[in-house]
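Just below is one structure, and these are the notes that go with it.
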Amino acid sequence: MTETVLGVLGGSGVYDIDGLADARWVTVETPWGDPSDQLLEGTLDGQRIVFLPRHGRGHAITPTGINARANIDAMKRMGVTDLVSVAAVGSFRDDLPPGSFVICDQYVDRTNSRERSFFSNGCVAHVSFGHPACDRLSDNIAAAGREADIVMTRGGTYLCIEGPQFSTLAESNLYRSWNLDVVGMTAMPEARLAREAEICYVTVAMVTDYDCWHEAHGAVTVEQIVAVLHKNADKARALVKALAGHVGRRDHPCGQGCDRALDYALITQPEQRDPELLARLDAVAGRVLG
């Protein structure tokens with residue numbers, strides 16, 4: 001039996017988790033630098049949970065400034081097996097109005113200023129990423145949403161832009177023509193790194209606005225987003241509370257192979273691997289590096 005440790009990366013508006021027993025903020029050091037904040041550890045209905053506010057408490061870190069490698073490494077060091085990313089997004093669809101929740105299953109990455117991998121010269125690895133979201137964890141999230149009476153759309157493509165500016169109207173219309181569903185600034189390279197770290201991962205996207213394409217809603221403003229954020233944050237906390245009762249323990253590996261993503265990913269021959277890089281990979285890839 002594998003102990004399931006539920007990790008939660010809180011997005012805009014979600015800076016803590018209510019109701020944790022034995023809660024404590026823990027400082028975690030990583031070889032990739034400092035994570036966004038201390039990590040909040042505790043239990044909820046008997047389920048161990050580790051929470052990290054992605055932008056830091058007080059929202060002091062920009063999307064580009066987030067050290068995603070440190071965040072994912074810290075989660076791995078805390079024993080996280082299942083990671084839920086809660087993220088504020090804009091919507092490209094009329095039927096996903098502000099207040100909607102989407103369980104994303106695909107991503108398009110348009111970022112350009114971020115470290116995208118734990119691996120580099122001295123230890124090369126290519127992980128499979130065709131299906132970036134864990135189906136089992138998505139099932140658990142959908143069940144928790146029903147229990148918490150939260151209307152959720154199962155499946156959707158998340159476009160990640162660099163930011164911190166919102167899209168131009170021309171960009172927004174272009175992205176809509178690609179049949180994308182939501183747009184945000186944080187899920188990449190987070191999802192890629194979670195796969196490299198062999199952590200089951202899903203993004204729950206919370207719609208705050210229609211980006212700028214919707215004529216009836218005009219340009220996006222921070223004031224509009226913040227108003228919806230407060231409403232969504234309460235739902236997000238309720239979702240996590242319900243999810244604690246669904247992830248449970250499991251007696252078999254992830255059916256999608258998320259927890260074994262590195263089995264055939266390492267390309268560099270052992271004698272050619274950089275010892276310094278291997279030391280930095282101790283948490284992320286220790287299972288296959290021995």
Legend entry - All positions within the stretch 123-148 that are farther than 30 Å from GLN269 by Cβ and free of Cβ contacts under 8 Å to residues at least 60 places away in the same chain: ASP139, ALA142, ARG146
Inset, instruction - Check the stretch 222-236 and report whether any residue there is part of a loop (DSSP other than H, G, I, E, B), β-branched (Val, Ile, Thr) and under 22 Å from the mean Cα position of the chain (by Cα). - result: no
Inset, instruction - Select from the stretch 176-188 the residues that are part of a helix (DSSP H, G or I) and crowded, with 23+ Cβ neighbours inside 10 Å and list them in ascending order. - result: ALA187, MET188
Legend entry - Scope the stretch 87-108; condition buried (at least 24 other Cβ atoms within 10 Å of the Cβ) and within 14 Å of the chain's Cα centre (by Cα); matching residues: ALA87, ALA88, VAL89, VAL102, CYS104
Inset, instruction - Determine which member of the set SER172, SER177 is more than 25 Å from ASN71 (Cβ to Cβ), free of Cβ contacts under 8 Å to residues at least 12 places away in the same chain and polar (S, T, N, Q). - result: SER177
Legend entry - Residue among LEU239, LEU277 that alone is in contact (Cβ under 8 Å) with a residue 40 or more places away in the chain and either within 24 Å of CYS123 (Cβ to Cβ) or among the β-branched types (Val, Ile, Thr) (or both): LEU277
Legend entry - Spans of strands (runs of 3 or more DSSP E) in the stretch 1-110 with at least 1 residues more than 30 Å from PRO253 (Cβ to Cβ) and not hydrophobic (A, V, I, L, M, F, W, C): 21-26, 47-53, 82-91, 106-110
Inset, instruction - Can you confirm whether the stretch 20-32 contains a residue that is over 24 Å from GLU115 (Cβ atoms), out of contact with any Leu (no Cβ under 8 Å at 6 or more places or on another chain) and touching a residue at least 24 places away in the same chain (Cβ under 8 Å)? - result: no
Inset, instruction - For residues that are among the hydroxyl-bearing types (Ser, Thr, Tyr) and touching a helix residue (DSSP H, G or I) at 6+ places or on another chain (Cβ under 8 Å), scanning just the stretch 3-26, find the one that is surrounded by the most Cβ atoms within 10 Å (Cβ to Cβ). - result: SER12
Inset, instruction - Working carefully through the options THR81, THR43, THR111, THR62, find the one that is buried (at least 19 other Cβ atoms within 10 Å of the Cβ) and either among the polar types (S, T, N, Q) or farther than 28 Å from ASP282 by Cβ (or both). - result: THR81
Inset, instruction - Give the residue, chosen from ARG237, ARG195, that is modelled with pLDDT under 95 and under 30 Å from THR43 (Cβ atoms). - result: ARG237
Inset, instruction - Go through (1) over 29 Å from GLY19 (Cα atoms); (2) outside any helix (DSSP H, G or I); (3) among the small types (Gly, Ala, Ser) and name the single condition ALA170 misses. - result: (2)
Legend entry - Residue in the stretch 61-81 that is touching a helix residue (DSSP H, G or I) at 6+ places or on another chain (Cβ under 9 Å) and among the hydroxyl-bearing types (Ser, Thr, Tyr) present: yes
Legend entry - Complete set of residues in the stretch 242-274 that are touching a residue at least 60 places away in the same chain (Cβ under 8 Å), in a helix (DSSP H, G or I) and among the charged types (D, E, K, R): ASP259, ARG260
Inset, instruction - Looking only at the stretch 118-126, decide whether some residue is closer than 18 Å to VAL89 by Cβ and either assigned to a helix (DSSP H, G or I) or in contact with a helix residue (DSSP H, G or I) (Cβ under 9 Å, 6 or more places away or on another chain) (or both). - result: no
Legend entry - Failed item in (1) surrounded by fewer than 18 Cβ atoms within 10 Å (Cβ to Cβ); (2) at pLDDT 90 or above; (3) under 30 Å from GLY90 (Cα atoms), with ALA216 passing the rest: (2)
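The values are calculated or read from the model by the stated rules, or taken from the named source; none is laboratory data. Worth saying up front: this structure is predicted, and the values here are computed from it rather than measured. Every residue, glycine among them, receives a Cβ derived from its backbone with ideal geometry; neighbour counts consider all protein chains shown.
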